[in-house]
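> Got a structure here, written out as C-alpha cells. Questions coming.
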Amino acid sequence: MSHIECWDWRYRIAFEQTLRSKVDVASKTTRHSLPSRIMEELFDFFVNHLSVGQMISYCCDEAGDTDSAINAAIDVEPLYTPEFLARKYYSRVSKAKRLKSQQKDALNSIIKKSTETNFINHHREIFEPIFGADLDRLLRHSQATLKPQISDKSILDRNLLELTEEIIDELLNTTPAPLRGLPEIIPDFEIVIAKDPGFAEYWPRSLTGNDMDQLIVYDNPNQIGYQNLRATIGHEVLGHGFFYNLIERIRPEFFDHGAFALVEGWATWCEWATCDADLRDHLRSAKCQSLKLFDCVNPDEIQDQIKARTSGSGYTKDVSESSIENFFQYPGMGLSYTLGALWFEDRFKSSSPRVFFEAMRQREWGDFFSAW
Ligand SMILES: [Zn+2]
C-alpha cells in the first residue's frame, strides 16, 4: 500500500527535498499506465514551479529547514505574485524572528523575482492530464449565469457548537436519495469551534494521528447564515467524513491525499446534493463562473473578478485576498473543486455514488479522472 500523506505536496516539492523524494517514490508505485503518466506530469510541473506563498509559510511559520529550502528553490521559476501579496510576504519575512538576515535577503529576492516574472496561466497544463477529453466539456459550464446569493437566516444569536450538532443530526437523518446509505460509513468525530479565518475543515485521524476524526468549524463573520453553514457542514461531514472512512475500509493500493479534484470535487458535489435548492443554484453558478478564469491571462482582470465574486457572495476582504493568493500561488487548487464536482455531476446522471465507489475498490485513488 502506497499513500502520499502530504495533502499539499504539489506546492511544496519545489523546495522541500525530502518530501520531493517521498512523492517521487510513491508516484512510481502506480501500476496502471494512465495514472502513472498523470502522476509524472503533475510531479514535473510542480517541481518546476515555486509557490512563493507556501515557501514563505514554510520558512516563517512552520519552522522548516530554511537553508535547504532556499538552496532548492533558488533555481526554480517562482509563480507570479501580485503586488499587494508581495507586500504581505515582505512584511512576514521582516517580522520572522527565527530567520537570519541572510535568509531574509534570499527570501526577499525570491519574492521580488516573483513580482517581476510574467504571469502565465497554468490551468491547462495541470488539468489536461487529469481530465483528458472531458476537460473542454466541463469548461463549457463557464457559460452558466450567476444566480444570486440567498437572503440567509442570521446565526448571530446562536451557539455555533449547538447549531453545528443540530445540523449534523438533521443531515444524517434526512440524506437526499443519491447519498442514501452513506451516513452509515461516517465515523464518529469530534467537533471543535475555533475563532480563526476560514469556514470549516475535516481532519481524518489517519493524517493527524489523533484517536478520532475532527471537524473544525470557524467562528467568524464569514459564517454568513444558517443555510450557508449547513452547506459547509454537508461538504465536510457527508463529503470528507464519508470519503476518508471509505479509504480506511477499502485500503486502496495507491492513494494521493493531494488529489484535490477527487477529494474536494467529491465533497463539493455532496455539498450541492444536500443543500437548500436556491443556495445550491447560487453556489454552483458561482463555481461555474470561476471557470471563466481558466484561460485568463490578465492578472489584473483575474483579481477584479475574484473580488467581485467573493463580495457578491457576502464575504469579507480577507476571503477575497486569500482567494486571490490561492489563484496565483496555489495553481489548480481552487478550480479542482469546481471541475471535480462538475465531473461527478455528469457521471451521476447515468450512474450513482455507490456504483462509482464500488469500482474504486479496484482502482488507484488520485486525480485520475481521464482513466475512469
Ligand atoms: Zn473540502
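Read-outs: derived from the displayed coordinates by stated rules, not from any lab. The shown structure was predicted, so the numbers you read here are calculated from the model rather than taken from an experiment. Positions of Cβ are backbone-derived with ideal geometry, glycine not excepted, and every protein chain shown enters the neighbour counts.
> Could you check region 65-90 and list, in sequence order, the residues that are over 23 Å from the mean Cα position of the chain (by Cα) and closer than 11 Å to Thr117 by Cβ?
Scanning region 65-90 gives no hits.
> Separate question: Can you name every residue in region 322-372 that is under 16 Å from the mean Cα position of the chain (by Cα) and more than 23 Å from Leu34 (Cα to Cα)?
Of everything in region 322-372, those that are under 16 Å from the mean Cα position of the chain (by Cα) and more than 23 Å from Leu34 (Cα to Cα) turn out to be Ser322, Ser323, Ile324, Glu325, Asn326, Phe327, Phe328, Gln329, Tyr330, Gly334.
> Right, another one. Report the residue count in region 109-137 for those that are closer than 16 Å to Ile38 by Cβ and in contact (Cβ under 8 Å) with a residue 60 or more places away in the chain. Show your work before the answer.
Initially, region 109-137 is screened for residues closer than 16 Å to Ile38 by Cβ, giving 122-135.
Cutting the leftovers down to in contact (Cβ under 8 Å) with a residue 60 or more places away in the chain gives us 122-127, 129-135.
Residues flagged as closer than 16 Å to Ile38 by Cβ and in contact (Cβ under 8 Å) with a residue 60 or more places away in the chain within region 109-137 amount to 13.
> Confirm whether Phe260 is within 16 Å of the ligand (Cβ to nearest atom) and either surrounded by fewer than 21 Cβ atoms within 10 Å (Cβ to Cβ) or hydrophobic (A, V, I, L, M, F, W, C) (or both). Write out each step before concluding.
Values: within 16 Å of the ligand (Cβ to nearest atom): yes; either surrounded by fewer than 21 Cβ atoms within 10 Å (Cβ to Cβ) or hydrophobic (A, V, I, L, M, F, W, C) (or both): yes.
Taking the combined requirement at face value, the residue satisfies it.
> Of all residues in region 296-321, how many are hydroxyl-bearing (Ser, Thr, Tyr), surrounded by fewer than 19 Cβ atoms within 10 Å (Cβ to Cβ) and assigned to a helix (DSSP H, G or I)?
Qualifying residue count for the region: 2.
> Here is a list: Tyr226, Tyr218. Which entry is over 29 Å from Pro129 (Cα atoms) and more than 15 Å from the ligand (Cβ to nearest atom)? Before you say what the answer is, go through the steps one by one.
On the way: Tyr218 fails: more than 15 Å from the ligand (Cβ to nearest atom).
The match here is Tyr226.
> For region 263-279, how many residues are among the acidic types (Asp, Glu) and within 14 Å of the ligand (Cβ to nearest atom)?
2
> Additional query: Go through region 60-69 and give me each residue that's farther than 17 Å from Arg10 by Cα and hydrophobic (A, V, I, L, M, F, W, C).
Across region 60-69, the qualifying residues are Cys60, Ala63.
> Can you report the number of residues in region 119-166 which are farther than 25 Å from Tyr11 by Cβ, touching a Ser or Thr at 6+ places or on another chain (Cβ under 9 Å) and aliphatic (A, V, I, L, M)?
3
> Does Gly334 satisfy being assigned to a helix (DSSP H, G or I), within 16 Å of the ligand (Cβ to nearest atom), in contact (Cβ under 8 Å) with a residue 60 or more places away in the chain and within 23 Å of Gln54 (Cβ to Cβ)?
Details: assigned to a helix (DSSP H, G or I): yes; within 16 Å of the ligand (Cβ to nearest atom): yes; in contact (Cβ under 8 Å) with a residue 60 or more places away in the chain: no; within 23 Å of Gln54 (Cβ to Cβ): yes.
Spelling it out, it is not the case that Gly334 is assigned to a helix (DSSP H, G or I), within 16 Å of the ligand (Cβ to nearest atom), in contact (Cβ under 8 Å) with a residue 60 or more places away in the chain and within 23 Å of Gln54 (Cβ to Cβ).
> Next up: Kindly list the number of the only condition in (1) in a strand (DSSP E or B); (2) under 19 Å from Asp136 (Cβ atoms); (3) among the aromatic types (Phe, Trp, Tyr) that fails for Phe255.
(2)
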